[in-house]
Amino acid sequence: MSSAPASAPPASNPEAPAARPTRARARFSVPGNLGRAVLSNRKAMAGATLLAIFVVMALVPGLIAPGAPGAELYPPGQGASFAHPLGTTSYGQDIFTQFIWGARASLIIAVVAGLLSTLLSALIGVSAGYLPGATDGILSLITDVFLIIPAFPLVVVIAAYSKGGGNATIIAVLVVTGWAYGARQLRAQVLSLRNRDFLVAAKLRGERTLRIIVSEILPNMTSLLVANFLGASVYAILTAAGLQFVGLGNVNTDSWGTMLYWAQNNEALQAGLPLWAVAPGLGIALLGGAFALLNYAFDEISNPALRPVRGRGARSDS
Amino acid sequence: MRYVLRRLGFFVATLWTAMTVNFFLPRLMPGNPAIAMMARFHGKLNGQALRAMEVAFGVNAQESLLAQYFAYLRNSAVGHFGTSLTFFPQPVSGVVLGALPWTLGLVGVTTVIAFFLGTLIGMVGAWERGGWFDSILPPVFIVLSAFPYFWIALVSILIFSISLGWLPLGFAYTNGARISLSWPFIGDVLVHAILPGVTIVITSIGGWILTMRNNMIMTLAEDYVRMARAKGLSPLRIMIDYAGRNAILPNLSGFGMSLGFVVSGAILVEYVFSYPGVGYMMLQAVLNEDYPLMQTLFLIITLAVLLAILAVDAITVLLDPRTAAAS
């Protein structure tokens, strides 16, 4: 999940962080360039294709699997067959229908929680990096504290008290616990930008701080923001699934985590219905994997030093 | 010295935040869910213990909020965490101490294994960049790290316990076995730890591989590595002593952040395997609405993570004197 800009040791190589943002800007300012970069990277292509499949599932589940996912219409506990490609649950629901309809909840949680966390990370990280002394000190302390407190136990504690909450509660909990990592990375990036000429010039022109942050700093961090969004989405997918799996979400929603909860409650594995637990888990894993692949590819796109080398001779002249 | 003091101050701030979250959360929620819980204690607890619990959860307490807060902080600091509902009438602290060794053993050992193995794979991957080793292992483990821990746990149970019958379904030792320091019992514990342990290792190793590989690629481009090559040092020595030693530093400082992720995943792994550690117990406490136990486990987990980070900090200062000097 970590991307190279934050982990590159700035002390030993002062040139590298300064050079990166300009390159990133040239590459990402035009959407066409971004598209071409994704197309030419195999990992990005694999991730984008997977994601596209899930988006289709989330948009038109009724076209792929008509019928209500929760309806208990069929003989319970059946194995895979032509009528039920993944079999039926102990309650007589069609597992394939549940699987297709479950994509929507996971995708919504991933995208909304990912966006909101990135927004919060940007707000706090950029302010900490750009504003002077005391503000930075306080914001950084808060960031570090939230980074260190183990997120899942905290999520469990909050969810336990606000029990029965739907997706909105889960998203709020995920944002509260998931912003700190990104904020820290963004702060580091702002620190490396702070004394560059175009920012000094903007300050001398008398631009307001907010305007400098929004229209001068943020556009220069697009690649890091995208990486952050992808990382936060993976976190949201996995954590939400974990919460739903242990029954801390709303157990009556159609989602993969909830499917796993009912499968586990009915001992699906021991009862000879492994597909009931395998299918939703695979959905979560593949959706998380799609975001992770895109993130991994983004590291390579925004940091050319990490791109795969073709042929072994390339190493010696680096 | 200033560095040490600053770090300690930071740890106290973190612990204080965790305690404050514990104190204010039940009060912030509509209709304070702890009230329903306290009703279940009714007639079971004597005067003083009952009052301590009422102060901790803000149920019909007479004092002001501030007085309650300080009373709660004082009770937590001296280890008075109240009484567990699930394990009534045992005090929470005793219940937690019984669960802690299992988690420390399982999560501690697997984290160290994952760190070393991941760092090694990342280092060799960057060194053999573009080779078969680098094209297979890092991508596979990085994709695996996006898989839900608990689902890997479920699938491994399905394959190795239910289908093949090689390994036990769960728990930390055979049901009914007497806990002792004898070889048969230790072997039994190890056999039960294989599946949860391997699950944690293969899902947490990806992060170490990725950061180590990226750092190593940066380090390999440094002049001192080229210098070492020019001197004709053996490749193994360059890889480990020149590039690897410098590339590992960001990995170590990332340890703190990653530990939180590992612990989070381990909670669910324990849950799936019914492994009697703090994670499993925490989820049991949640399901039983045993808030004193739940809150204490949250504090203990935070404390354990902080202590582990403190240890890693010490190692980092030893390996890289710049960290202490820079602050």
Enumeration of residues in the range B:84-102 that are surrounded by 15 or more Cβ atoms within 10 Å (Cβ to Cβ), outside any helix (DSSP H, G or I) and either at pLDDT 75 or above or not aliphatic (A, V, I, L, M) (or both): B:SER84, B:THR86, B:PHE87, B:PRO91
Residues that are within 11 Å of chain A (Cβ to nearest Cβ) and assigned to a helix (DSSP H, G or I), drawn from the range B:229-254: B:ARG229, B:ASN246, B:ALA247, B:LEU249, B:PRO250, B:ASN251, B:SER253
Members of the range A:191-215 found to be open to solvent by 60 Å² or more (accessible area, probe 1.4 Å) and of a type in the set (Ser, Thr, Tyr), listed by number: A:THR209
A:THR135 being within 28 Å of A:ILE212 (Cα to Cα), at pLDDT below 85 and of a type in the set (S, T, N, Q): yes
Filter result (more than 14 Å from B:LEU249 (Cβ to Cβ) and assigned to a loop (DSSP other than H, G, I, E, B)) within the range B:214-228: B:ALA221
Candidate set: the range A:216-271, residues that are open to solvent by 10 Å² or more (accessible area, probe 1.4 Å) and of a type in the set (Phe, Trp, Tyr); chosen: the one farthest from A:VAL157 (Cα to Cα): A:PHE229
Tally, over the range B:112-139, of residues that are among the hydrophobic types (A, V, I, L, M, F, W, C) and within 11 Å of another protein chain (Cβ to nearest Cβ): 2
Test set (1) in a helix (DSSP H, G or I); (2) within 23 Å of the chain's Cα centre (by Cα) - B:PHE81 fails condition number: (1)
Cβ pairs under 8 Å, 6+ apart, first in the range A:196-219 and under 14 Å from A:LEU131 (Cβ atoms), second β-branched (Val, Ile, Thr): A:LEU199/A:ILE212; A:LEU199/A:ILE217; A:LYS203/A:ILE212; A:ILE213/A:VAL126; A:ILE217/A:VAL126; A:ILE217/A:VAL190
Qualifying residues in the range B:290-327 (those that are surrounded by 14 or more Cβ atoms within 10 Å (Cβ to Cβ) and of a type in the set (S, T, N, Q)) - the one modelled with the lowest pLDDT: B:THR323
Given (1) open to solvent by 30 Å² or more (accessible area, probe 1.4 Å); (2) in contact with a helix residue (DSSP H, G or I) (Cβ under 9 Å, 6 or more places away or on another chain), index of the condition A:PRO132 fails: (2)
Listing of helices (runs of 4 or more DSSP H) fully contained in the range A:84-189 that carry 2 or more residues being away from every other protein chain (no Cβ under 14 Å): A:95-130, A:133-148, A:167-178
Spans of helices (runs of 4 or more DSSP H) in the range A:190-306 with at least 1 residues at pLDDT 85 or above and within 8 Å of another protein chain (Cβ to nearest Cβ): A:222-245, A:256-265, A:274-302
Close pairs (7 angstrom Cβ cut-off, 6 or more residues apart or separate chains): under 21 Å from B:PHE115 (Cα atoms) and of a type in the set (Gly, Ala, Ser) in the range B:253-282, outside any helix (DSSP H, G or I) and at pLDDT below 75 anywhere: B:GLY254/A:SER2
The range B:49-78, subset surrounded by fewer than 16 Cβ atoms within 10 Å (Cβ to Cβ) and part of a loop (DSSP other than H, G, I, E, B), residue modelled with the lowest pLDDT: B:ASN60
Residue check, B:TYR224 hydroxyl-bearing (Ser, Thr, Tyr), surrounded by fewer than 24 Cβ atoms within 10 Å (Cβ to Cβ) and either within 12 Å of chain A (Cβ to nearest Cβ) or closer than 28 Å to A:VAL145 by Cβ (or both): yes
Of all residues making up the range B:255-289, the number that are more than 10 Å from chain A (Cβ to nearest Cβ) and either among the β-branched types (Val, Ile, Thr) or crowded, with 23+ Cβ neighbours inside 10 Å (or both): 7
Selection count, the range A:132-159, where residues are more than 19 Å from B:MET19 (Cβ to Cβ) and of a type in the set (D, E, K, R): 1
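The values are calculated or read from the model by the stated rules, or taken from the named source; none is laboratory data. What you see is a predicted model; the values in this text were computed from it and never measured. Don't worry about glycine lacking a Cβ; one is built from the backbone with ideal geometry, like all the others, and counts go over all protein chains shown. We work out accessible area using only protein heavy atoms, side chains counted, and drop any ligands, DNA or RNA first. Shrake-Rupley method; radii C 1.70, N 1.55, O 1.52, S 1.80 Å.
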